[in-house]
1. Tally Lys and Arg at +1 and Asp and Glu at -1 over the other residues with C-beta under 14 Å from the C-beta of Thr77: what net charge comes out?
2. When only alpha-carbon atoms count, how far does the range 14-128 stretch along each of its three principal axes, as whole angstroms with the largest first?
3. So who's got an amide H within less than 5 Å of the one on Tyr61, skipping anything under 5 residues away but keeping other chains? H placed 1.01 Å off N, in plane.
4. How much FRET efficiency would the formula 1/(1 + (r/R0)^6) give for Ala16 and Tyr94, where r is the Cβ-Cβ distance and R0 is 25 Å, rounded to 0.05?
5. Arrange the peptides 6-18, 23-35, 60-72 so that the one whose residues have, on average, the most other Cβ atoms within 10 Å appears first.
6. Whole-Hz Karplus ³J(HN,Hα) for the range 108-118, in order, using 6.51 cos²θ - 1.76 cosθ + 1.60 and θ = phi - 60°, x for Gly and Pro?
Amino acid sequence: MRVDYTPPRFELPIEAIERAITERTRAIIVNTPHNPSGRILRPDELDRLAEVLNRAPRPVYLLSDESYNRILYDGRTHHSPLRFYDRSFLIYTYGKTLLAPGQRIGYIAMPPSMPERQALRTALFVAQA
């Protein structure tokens, strides 16, 4: 189910996300800093999102596309969802910061507190073989 950010502020639509979560929901994807708006998710938004995901009827993974996390302006600070929710994956590509679009160089990271961490690591390593 797609849940859109709404201009002009592009705030994370947490209530809409909560309404969209069902028994079939396995994961949600966020993009921070958001492309194309550049909006960075605030700690209070990430706390609220973690609360919603923790209340979900089944475990829900949070996939955080952080391709632009090193391209910040005006002294702003990036806050990764990994610090707020244990079932988060950080997805990063060097293509944006190294000005190398099309190059498939990046990584997926998960916090040490991730439940089922070893099984997920094994699945990721096998998928890349």
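1. Around Thr77, the charge tally is +1.
2. 41, 36, 23
3. Ala27, Ile28
4. 0.20
5. Final packing ranking: 60-72, 23-35, 6-18.
6. So the J values, rounded to whole Hz, are 10, 10, 9, x, x, 7, 4, x, 6, 4, 5.
We did not get these values from a lab; they are worked out from the coordinates using the rules stated. Note that the structure is a prediction, hence the values are computed from the model and not measured. Methodologically, a virtual Cβ is constructed for each residue, glycine included, from the backbone with ideal geometry; neighbour enumeration extends over all protein chains shown.
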